[in-house]
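The values are calculated or read from the model by the stated rules, or taken from the named source; none is laboratory data. Not measured: the values here are computed from a predicted model. Reconstructed Cβ throughout: ideal geometry from the backbone, glycine too, with neighbour counts over all protein chains shown.
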Protein chains: 2
Amino acid sequence: MITVLAGGVGAARFLEGMVQIVAPETITAIVNTGDDFILHGLHIAPDLDIVTCTLAGVIHPEQGWGIQDDSFACLEWLGRFGGPTWFQLGDRDLALHIQRTAMLRAGATLTDVADHLRRALGVAVQILPMSDDPQPTHIITAAGEFHFEEYLVERRAADHVLDVRFMGAAQPTPAVLAAIAHAERIVIAPSNPVVSIGPILALPGVRAALRESAAQVIGISPIVGGKAIKGPAVPLMHAIGLPATAVGVAQAYQDVLDVLVIDQVDAHLQPAIEALGIAVIVTDTIMRGAAEKAALARMVLHL
Amino acid sequence: MITVLAGGVGAARFLEGMVQIVAPETITAIVNTGDDFILHGLHIAPDLDIVTCTLAGVIHPEQGWGIQDDSFACLEWLGRFGGPTWFQLGDRDLALHIQRTAMLRAGATLTDVADHLRRALGVAVQILPMSDDPQPTHIITAAGEFHFEEYLVERRAADHVLDVRFMGAAQPTPAVLAAIAHAERIVIAPSNPVVSIGPILALPGVRAALRESAAQVIGISPIVGGKAIKGPAVPLMHAIGLPATAVGVAQAYQDVLDVLVIDQVDAHLQPAIEALGIAVIVTDTIMRGAAEKAALARMVLHL
């Protein structure tokens, strides 16, 4: 039993490596839902869909999000009706949101929906939303307060970030707490520490469950050479008062982490991370293709 | 001010003729919503969409329903998730249902939604749902009870029909009653008397409003030579105990109708209809193209 705390693209690519070397059904992904929002009356769950569709082999390969070979006829018409078009919703993609929204309205939990969708797409990895409750991530910027997706997509992460807030009072699901408690290994995927992993760790009881787990907790730094592999991790780390380096990642996870995997280019940061009481593995962490994904996963599993 | 009681394809084609000869903004269509149903969690309104999209010039021209040049990527994926695929929902078409459902969930009435959609599509005719309340039409058949769209589309109108029921306790909107009260001319479009016009007439107060209106009420028979121009009017007329002829149409509207327009081939039925106290106009009622649509509308308006 391997449990992976996951955001979107970085986590999905890491999981692609994992399923190459262990039986997918032994892997459980706990996925951030802080990016979830309602658009056109539909429940959009960006990270759940990225993880599910990547593992299903239907993700847009270059983008890492959205469906491969998708079309945009519905979105174009929603625009005719005055609806927002800044969030690219493909016609196939919309089917996930329509199905999710219909199931939720019929009384299913987000956990039920995520399980239904991943099974329908032939994904054997267990995919758990971090919570069945809403906990939208808001980005406080010099230009105002925005939902994370508005900040990221509509405003292209261009605003000066002052703070990050997790709204609501969400609880982790029992399945999430069980997946942490019963894991033989826990991996914090190379996802944004502030807005992908941060929302999971902010749920009541999750940090305690990670500390109490008998399993080793291994993180992979998504910041390499002071730059985010993908997305706006640098300004978001600064906004919560952490350095945008592997040391900052270690600080974000300090109370729960046993080992941090960092890239070769950050080898000089090893002493500073070890000083936080966290063991360090230095390796090549950039996942350019299937071989690198598998190598990173193999290393994390065989530690 | 001309008010037209309308179902789907037949009414939409008649309205295409009307807008050729009078200012569209002087026309109000009161549209059947008995066909409305929820599918994939979305509020589908077949007749409202047929009327709106026909007048907008975006309807599939051969079918008379669905959007021209539409694609079906979303529906195909909804099928992957176990959703029903018997009802052909195109990608563009879905935008109407998504927008409608989102607006209804946000507190808009169906009347608000219909007005928003027709304006967005550039339709000047006023389009009024018959009610803001649900009143689903159920077809009682030898094989069981079905929503009208299930009977018509999923089961291809193949079941032996025993009865027709209008469920719920819908009220006509104030706008509907006003459009009848203030009309200078009222037309009952060549739509199915049982499941298109019947649901409108079944709303409390509508028959009385039609009787009390100072305007002439003119119907156009959708049954020509004992056959429906389109759809299952014949078995549905029989199920409610009426002959499937222009005489049966006259009987269905007897208390509200001043004039019934019938086709040349039904000229021999004129005495039987006049015996019901309804004046008869015999003309060519089959609308093959724009010229015939305009001619029929001109005749109805100049009576």
Odd one out for A:VAL153 among (1) over 30 Å from A:ALA239 (Cα atoms); (2) more than 14 Å from chain B (Cβ to nearest Cβ); (3) touching a Phe, Trp or Tyr at 6+ places or on another chain (Cβ under 7 Å):
(1)
Residues of region A:49-84 being within 14 Å of chain B (Cβ to nearest Cβ), of a type in the set (A, V, I, L, M, F, W, C) and assigned to a helix (DSSP H, G or I), in sequence order, are A:CYS53, A:ALA73, A:CYS74, A:LEU75, A:TRP77, A:LEU78
Suppose the filter is over 23 Å from A:LEU89 (Cβ atoms), touching a Cys at 6+ places or on another chain (Cβ under 7 Å) and in contact (Cβ under 8 Å) with a residue 40 or more places away in the chain; does B:ILE59 pass it?
yes
Just to be sure, is B:ALA108 small (Gly, Ala, Ser) and part of a helix (DSSP H, G or I)?
no
For region B:104-131, name all the residues that are within 22 Å of B:HIS40 (Cβ to Cβ), among the small types (Gly, Ala, Ser) and crowded, with 21+ Cβ neighbours inside 10 Å.
B:ALA114
Of B:VAL300, B:VAL256, B:VAL261, which residue is outside any strand (DSSP E or B) and either closer than 13 Å to B:PRO193 by Cβ or modelled with pLDDT of 95 or more (or both)?
B:VAL256
How many residues does region B:23-56 hold that are touching a Lys or Arg at 6+ places or on another chain (Cβ under 6 Å) and without any contact (Cβ under 8 Å) to a residue 60 or more places away in the chain?
0
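From A:THR26, A:THR52, which residue is under 21 Å from A:ALA179 (Cβ atoms) and surrounded by fewer than 24 Cβ atoms within 10 Å (Cβ to Cβ)?
Details: A:THR52 fails: surrounded by fewer than 24 Cβ atoms within 10 Å (Cβ to Cβ).
After ruling out the rest, the residue left standing is A:THR26.
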In region A:64-103, the residues that are under 19 Å from B:LEU42 (Cα atoms), modelled with pLDDT of 95 or more and surrounded by fewer than 17 Cβ atoms within 10 Å (Cβ to Cβ)
A:GLU76, A:GLY79
Looking at (1) over 22 Å from B:ALA214 (Cα atoms); (2) under 19 Å from the mean Cα position of the chain (by Cα), which is the one condition that is false for B:GLN126?
(1)
